[in-house]
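All remarks here apply to the structure that follows.
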Amino acid sequence: MPTSEPSPKRVRVVLAEVVHKSHPVPQARRELAEQTHVGDALVRGLVRAQLALALRLAAVVAIGLGGLPLFFTLAPNVTSARPFGIALPWVLLGVAAYPFLFAAGWVYVRLAERNERDFAAVVERQEP
Amino acid sequence: MSGLAVPAIVAVTIATFAIGAYGLKLARTTSDFLVAARAVSPTWNAAAISGEYLSAASFLGVAGLILKDGADGLWYPVGFAAGYLALLLFVAAPLRRSGAFTLPDFCEARLRSRGLRRLATVFVVLIGWLYMLPQLQGAGLTLRTVAGGPYQLGAVLVGVVVTANVALGGMRSITFVQAFQYWLKLTALLVPVLFLLMAWQDDGRPPIASPAGQTFVQATTVTFDDPVQVSTTRPEDVQITLGAIDGQHGLVRLEPGDHHVARSSAVVFPAGAEVPELAPVPTGQGLDWLLPLHRGDRGLFATYSLILATFLGTMGLPHVLVRFYTNPDGVAARRTTLVVLGLVGLFYLLPAFYGALARVYAPQLTMTGHTDATVLVLPDAALGSTAGRWLGALVAAGAFAAFLSTTSGLLTSVAGVLSTDVIGRDGHSTVRGFRVAAIVAGAVPLLLSLHISGLDVSEVVGLAFAVAASSFCPLLVLGIWWRGLTDAGAAAGVIVGGGAGIVAVLVTVLGAPLTGWTEILINQPAAWTVPLAFLVMVVVSKATPSRVPIGVGATMLRLHAPDSLRL
């Protein structure tokens, strides 16, 4: 009978189910959405990693730039040096500070995005 | 000063209005009107953020402070730029993901507290007004310097143009206006610097600092508005054409020592004459000017306080945060911030040249106290003739771009919170409510600016940074990174830290006579108010653990999960 032949429509429904079965929502993703202990631990790990990264770069800047006033006070001889004929504090604060800040920002953006990619990879990983 | 500056200022003002009007045609819905519908590309957005950020303090104030304080003044631009790094490290991406448009929105999204929202609204409005004040002062000063008009005229002009533009156009137009104004400001400082350096080279590179102190390179008429005490170290013949020194008029020989200059005096110093110092506070004569911290321990404390205020204050400025909403997601917010860091860093290379060259060509500014006018006066003083006048007009136009753009950004955010949290009902705002709020938000600082004109532009801005750093910085940083923050802790920290900051500002602005350590602690309060705010927030939150909002885990997930997951 022609009607007992599998119709295109029926094929599509079956295929859709197959697709669904072969690509389940990853376990970790469900844990996140449902706020289970595992999901919570995953988020805590990400927040900790991002905070540690931000604090490390903040420390680099705090020492590199924030240390300068103290350095100027403790080492007046070095401070009055004149590289390129310009007083050292002017070279450091007037020029070098800006590329330094930009470099710190650039490193942060790269590493923060890498942390996020790692997190996404864990979450999206298919269960075996 | 010249007939060119006024047309240049008028042209910038008209261009601002015209670009605003173009945006008005594009803004059709309420959401277009308030938040640019988030349809702004990152490059435009970064230029717009930078354009909005580079205010009167950056354009005029920084060069003036460098002229006055020497190497210590360099910390202002470094801090103004570094603020974006702190914003990038701790706030940018999570704040964007929170979906908050303003700081009060963030308070409600993170801590679910209407009371805290209202408190944040109060601080947004106060910080906004405090920051708008020096913009209007700068406008008054600029118009008076370049055109001799009354101080009030410039303030009223900027106040009215910006209020009208914001009330009519909203954010859509502002994005284009701000981006245009970043490039205008950069050009307006960069082009004159090149000419100034060539002129300095031609003049045989007169020393910027010499052991004997500065001398006038040409005969200079110095106009004193206020009575001052000056001190000289060698005898000098000067011509007093107006007012008096030590009660004398006409041709006078100034002997070494202190001299009293009467109100509204004009004195002609011959070429080669020593530039007198302002007494009793030495402005850093001779080689000291080149070196930081020639004021000892108190100077060290003040420097660290300034570093804290500027590094941490940027993230708490209302007009900065609003712009993050126009990024499509957290990753874009981060990248935009990095571009902003580059753009403002590029700009901040320039003011130091003005501060240094003014030591040679306009040293009288340290005596008259008009150091905020450094950038405006220098091209004409150094180059004279036609080139000086054209460049002077360019700089005046750039200065007006600074006042217009920063005031627009501040007014939009202050009007935004006023219209949603004060005029509107239940956090809803209408276009009409926004317009009413814009007029109120613009009128208050305008009225204040007409009565206060004696403070340094950068110092008032520095105080606004200190208040922001000791109220919103701990709120944002702890809110984003620490689950234990409670609404009670946040409110207590904002009230204690921000409140202390505001008291310090009021004491400074009202000009209470202070000396020694009290003066430093009040004039540069951030070194104690910021740690205090953090401490109070943590301690009170620890004491009220039951008030940690339910669902803080879900909030943290939303703030920190990568955008690509679309959770």
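The values are calculated or read from the model by the stated rules, or taken from the named source; none is laboratory data. Remember, it's a predicted structure, so these values are computed and weren't measured experimentally. Every residue, glycine among them, receives a Cβ derived from its backbone with ideal geometry; neighbour counts consider all protein chains shown.
For (1) among the charged types (D, E, K, R); (2) in contact with a helix residue (DSSP H, G or I) (Cβ under 6 Å, 6 or more places away or on another chain); (3) under 25 Å from A:Thr36 (Cα atoms), each residue gets a yes or a no:
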{"position": "B:Leu510", "(1), (2), (3)": "no, no, no"}
{"position": "B:Ile522", "(1), (2), (3)": "no, yes, no"}
{"position": "B:Pro525", "(1), (2), (3)": "no, yes, no"}
{"position": "B:Leu535", "(1), (2), (3)": "no, no, no"}
{"position": "B:Gly551", "(1), (2), (3)": "no, no, yes"}
{"position": "B:Pro562", "(1), (2), (3)": "no, yes, yes"}
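Scanning region B:434-461 for residues that are assigned to a helix (DSSP H, G or I), of a type in the set (D, E, K, R) and within 21 Å of B:Ala309 (Cβ to Cβ) gives a single hit, B:Glu459. Checking B:Leu157, B:Leu196, B:Leu116 one by one, the residue that is crowded, with 19+ Cβ neighbours inside 10 Å, under 21 Å from the mean Cα position of the chain (by Cα), part of a helix (DSSP H, G or I) and in the same structural domain as B:Ala441 (by TED's automatic domain parsing) is B:Leu157 and no other.
A quick yes/no check of all residues on (1) surrounded by fewer than 24 Cβ atoms within 10 Å (Cβ to Cβ); (2) within 14 Å of chain A (Cβ to nearest Cβ):
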residue	(1), (2)
B:His319	no, no
B:Thr337	no, yes
B:Val340	no, yes
B:Val360	yes, no
B:Gln364	yes, no
B:Val377	yes, no
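Of all residues in region A:28-44, none satisfies the criterion of being charged (D, E, K, R) and not in a helix (DSSP H, G or I).
Checked against (1) modelled with pLDDT under 85; (2) more than 10 Å from every other protein chain (Cβ to nearest Cβ), B:Leu293 passes all but a single condition, namely (2).
B:Lys542 satisfies every condition listed in (1) under 25 Å from B:Ile495 (Cα atoms); (2) within 14 Å of chain A (Cβ to nearest Cβ); (3) of a type in the set (D, E, K, R) except (2). Could you list, in sequence order, the residues of region B:138-151 that are closer than 23 Å to B:Gly409 by Cβ and either outside any helix (DSSP H, G or I) or over 11 Å from the mean Cα position of the chain (by Cα) (or both)? Listed by number, the residues that qualify are B:Ala139, B:Gly140, B:Leu141, B:Thr142, B:Leu143. Looking across region A:32-43 at every residue that is in contact with a Gly (Cβ under 9 Å, 6 or more places away or on another chain) and surrounded by fewer than 20 Cβ atoms within 10 Å (Cβ to Cβ), the one that is modelled with the highest pLDDT is identified as A:Asp40. Of all residues in region A:72-91, those satisfying the criterion of being at the interface with chain B (Cβ under 10 Å from one of its Cβ atoms) and either closer than 18 Å to B:Thr310 by Cα or aromatic (Phe, Trp, Tyr) (or both) are A:Phe72, A:Trp90.
With respect to the conditions (1) free of Cβ contacts under 8 Å to residues at least 12 places away in the same chain; (2) over 14 Å from B:Ser471 (Cα atoms), B:Val503 lacks only one, and its number is (2).
Tell me which residues, restricted to region B:322-338, are in a helix (DSSP H, G or I) and within 18 Å of B:Val177 (Cα to Cα). Correct list: B:Val322, B:Arg323, B:Phe324, B:Thr336.
What pairs come up if the first residue lies in region B:208-229 and is within 15 Å of B:Ile245 (Cβ to Cβ) and at pLDDT 80 or above, the second is assigned to a loop (DSSP other than H, G, I, E, B) and hydrophobic (A, V, I, L, M, F, W, C), and their beta carbons are under 6 Å apart, counting only those six or more places apart or on different chains? Filtered contacts from region B:208-229: B:Pro227/B:Ala262; B:Gln229/B:Ala279.
Scanning region A:50-71 for residues that are β-branched (Val, Ile, Thr) and facing chain B (nearest Cβ under 8 Å) turns up just one, A:Val61. If the condition is being within 12 Å of B:Val238 (Cβ to Cβ), at pLDDT below 85 and not in a loop (DSSP other than H, G, I, E, B), then region B:268-285 contributes only B:Glu274. When B:Leu447, B:Leu475, B:Leu485, B:Leu514 are checked against the criterion of being over 19 Å from B:Leu317 (Cα atoms), out of contact with any His (no Cβ under 9 Å at 6 or more places or on another chain), hydrophobic (A, V, I, L, M, F, W, C) and touching a residue at least 60 places away in the same chain (Cβ under 8 Å), a single residue qualifies: B:Leu485.
Only a single item in (1) more than 13 Å from chain A (Cβ to nearest Cβ); (2) out of contact with any Gly (no Cβ under 6 Å at 6 or more places or on another chain); (3) hydrophobic (A, V, I, L, M, F, W, C) is not met by B:Ala139, and it is number (2). In this structure, is B:Ala46 part of a helix (DSSP H, G or I) and touching a Leu at 6+ places or on another chain (Cβ under 7 Å)? Criteria met by B:Ala46.
Is at least one residue of region A:103-117 in contact with a helix residue (DSSP H, G or I) (Cβ under 7 Å, 6 or more places away or on another chain), at the interface with chain B (Cβ under 9 Å from one of its Cβ atoms) and closer than 22 Å to B:Leu350 by Cα? Checked against the condition, which is being in contact with a helix residue (DSSP H, G or I) (Cβ under 7 Å, 6 or more places away or on another chain), at the interface with chain B (Cβ under 9 Å from one of its Cβ atoms) and closer than 22 Å to B:Leu350 by Cα, region A:103-117 yields at least one hit. Taking region A:45-101 as the range and being surrounded by 14 or more Cβ atoms within 10 Å (Cβ to Cβ) and part of a loop (DSSP other than H, G, I, E, B) as the test, the residues that pass are A:Leu65, A:Gly66, A:Ser80, A:Ile86, A:Ala87.
Just one residue in the set B:Gly501, B:Gly493, B:Gly484 is part of a loop (DSSP other than H, G, I, E, B) and either in contact with a helix residue (DSSP H, G or I) (Cβ under 8 Å, 6 or more places away or on another chain) or surrounded by fewer than 18 Cβ atoms within 10 Å (Cβ to Cβ) (or both); that residue is B:Gly484.
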